[in-house]
Structures are given as C-alpha cells and as structure tokens.
Amino acid sequence: MSEKFVAHYAEVNSLCLDSPAGQFAYGLETLHDGRIRTLPSFDQDLNHQGQIPPLDASKYRSMAGIYLSDEVQMVLGEDACAVESFSFIPKDYLKLGRDNSRRQVFFGQLDIEAEGEVQSIDVAVKPFVPQDFHHATHEVGMLQYIDKKNLPTLDVLGIVMVPQGETPWSYAVTRFESKLATLENLNWRQMDESERWAQLRPAIDTMAALHAEAIFHGDYEFKNVGIGEEVRTTKIIDPEFAVSMREVLTPYANNPDERAAVVRKMSVDFGSLATSVRQYVCDPKTSEREDFDAMLDHVYAPYRAKLLRMEESPYQDVLLGALDEVVEKKRRQAYNEW
C-alpha cells in the first residue's frame, strides 16, 4: 500500500465510527479483495405498478462489495481489475445546500488505488441501514431509469455494500457536482414576486416531464429539486420514494381503482411542491385560498401547458384527466368546501 494510503487510513482511524462517514470509510477497509464489480442494472427490478418492491434478502446476501458504473470503470481502464485499495476522505465543505437530511447524506473524496495510480472522485454518499436495503437498490434503480429516459438527474457512480448480518449496510454513491444546489437554497425573499414564479417554472416543467414518463417522485419539495450551473435548469434528486406507474397508466381509463391511484400519486407530488411554494414563494401574509389562486396561474397552468406540448407521451390524456381531479381537490381544500 502506498504512503499516501497509509496517511489516508490514519485519517480514517481518527474518524468517529458512530458517524455515517466514519462507518463508510471503515467499511471500505473491509472490502479490499482486489475486485471492482460492475454496478447491476437495478432499474430492471423496478415495480412499474407504483410500488417499491419488498426486499428479497436471499438475492443479495452474497453481494457485499463495491459496485461501480461502467463510466467509472472506463476511467480506471485495465486497472479496474487490479485495485489495491479504496479510501474515503470526508470533506465538510462539500455541500448540496442541505445541512441536514433524513438519511444523513455526507460528502467527500473517494480514492481508488490501482497499479500505483490513484483516481480521486468527489462524491455524495447516502447511507441505508440493513432494514432499508431495498430502498438503496430502489433509489439507484430509479436514478438509472430516470437517466435512461433522458431526464436530468444525478450521475450514479455505484453502490457499496458492507456485510452486516443477513443483509448488508448499503451506500448509494453519486458524483458530487460543485455547481449543483437545490431550490431550497435560493434567496427567495430577495426576489420580487414575478422573479420568484419565473424561477419556479423549470421545476414545474421537470415534474411534468417526469410524469409524462409515468414516474412520480413522491417527495417533490424544494430540497429535492436540484438547480444546475446553467440558468434555470433543474435536476431530479433523491428519488428514494419515486415510483414508475407505467403498467397502471395504460389501462387507466377502464379501471377506477387505478385511476384513483394515479390521482393519489400526482396529488402527493403537487402537495409536496405546494408545501415549499407556500414557504418560499408565496407572500407569508396571504391566505391558503389566495395561495391556491396564485398556484392555479403559476403552477397548475404551466404544468398543463407543458403536458399539452408533450404529444409524444402515451399518457398525456390520462395525466390531463388526473390533473383536473387534483386541481379540484386542492380547490375544495383551499376553499373549505368539503
């Protein structure tokens, strides 16, 4: 092992092993078997009926190891077959604009040493405890699926699985983008009203594009909408609760239960977005009714307009019908007409 990595391990050993970053760094030490495995296509295991599939522990008991995407293995080249060491150095100054997250996402530098050369990649790492292992594979699968649909999302680098009883601790690893923040971090109150609504528009278009592929995010708050380096561009992040309803939308018109399921999923996405809109975009002094009227013009109408432009989507009519139901439900709620 090189002197560089000896120094790295000294730093790893000084980490608090109770922290997610410390556990991850220590876990990498246990995986030095000289092999990098190819990241599976977890998107092939997705349930397209609007559900997160239950864990099949038997399928993954022997999967402890580090799995990297083809992109990372291409960078390593032939050295991917002769890895000597992995190391992780936390970098507290790397942030996605969120000081706290439910999963305690952390950031740092992943180093891979092979043939005396070190490849370093800045990464974001999302840890999953063993009982939530299926959420890790589901999130990676959704990121892969969203990317294959040519929608803007995070660049999946791999997944690390560390032995822990029947099922492993798992860590979803994505590329850290220094120019990426979230809508939550914009200085909304320093913008005038028209500027705030204009800044929101790309996020609405992205949600419509996601729905047009029969994908529903499940937690579309500002904290989960990334904004890129280019002006007014958005990225889909944190799709842990995202689902595909591809097999539900097709027979939608003939099945009231499936119709209701689509309306519920769309309502959740609009509800999550509305929570952030009321917090950051709407005037704090306005009523719920006034906020709904504003969102009717600046959220629901642009969403409908985006869907109408997406004539290639086989779900367009289905989604427009669901939208009418969602808007009516939100209107009755805002106007207390239950």
Discussion item. Tell me which helices (runs of 4 or more DSSP H) are completely within segment 246-338 and hold 1 or more residues being in contact with a Ser or Thr (Cβ under 6 Å, 6 or more places away or on another chain), crowded, with 20+ Cβ neighbours inside 10 Å and of a type outside the set (D, E, K, R), or say none if there are none.
Written reply: 316-334
Practice prompt. Evaluate the following for Gly226: is it crowded, with 16+ Cβ neighbours inside 10 Å, part of a strand (DSSP E or B) and out of contact with any His (no Cβ under 9 Å at 6 or more places or on another chain)?
Written response: yes
Worksheet entry | Close pairs from segment 232-261: first under 17 Å from Phe42 (Cβ atoms), partner at pLDDT below 90, Cβ under 6 Å, at least 6 apart | Glu240/His135; Val243/Gly50; Ser244/Leu46; Ser244/His48; Arg246/His48
Discussion item. Take Val125 and tell me if it is of a type outside the set (S, T, N, Q), at negative phi and crowded, with 21+ Cβ neighbours inside 10 Å.
Written reply: yes
Worksheet item: Restricted to segment 165-222, and to residues that are of a type in the set (S, T, N, Q), assigned to a helix (DSSP H, G or I) and at pLDDT 90 or above, which residue is surrounded by the most Cβ atoms within 10 Å (Cβ to Cβ)?
Response: Thr206
Practice prompt. Evaluate segment 24-44: report whether one residue or more is within 30 Å of Asp257 (Cβ to Cβ), modelled with pLDDT of 75 or more and either surrounded by fewer than 16 Cβ atoms within 10 Å (Cβ to Cβ) or hydrophobic (A, V, I, L, M, F, W, C) (or both).
Written response: yes
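The values are calculated or read from the model by the stated rules, or taken from the named source; none is laboratory data. Computed from a predicted model, the values in this text were never measured in an experiment. In this analysis, Cβ positions are derived from the backbone assuming ideal geometry, glycine residues included, and neighbour counts consider all displayed protein chains.
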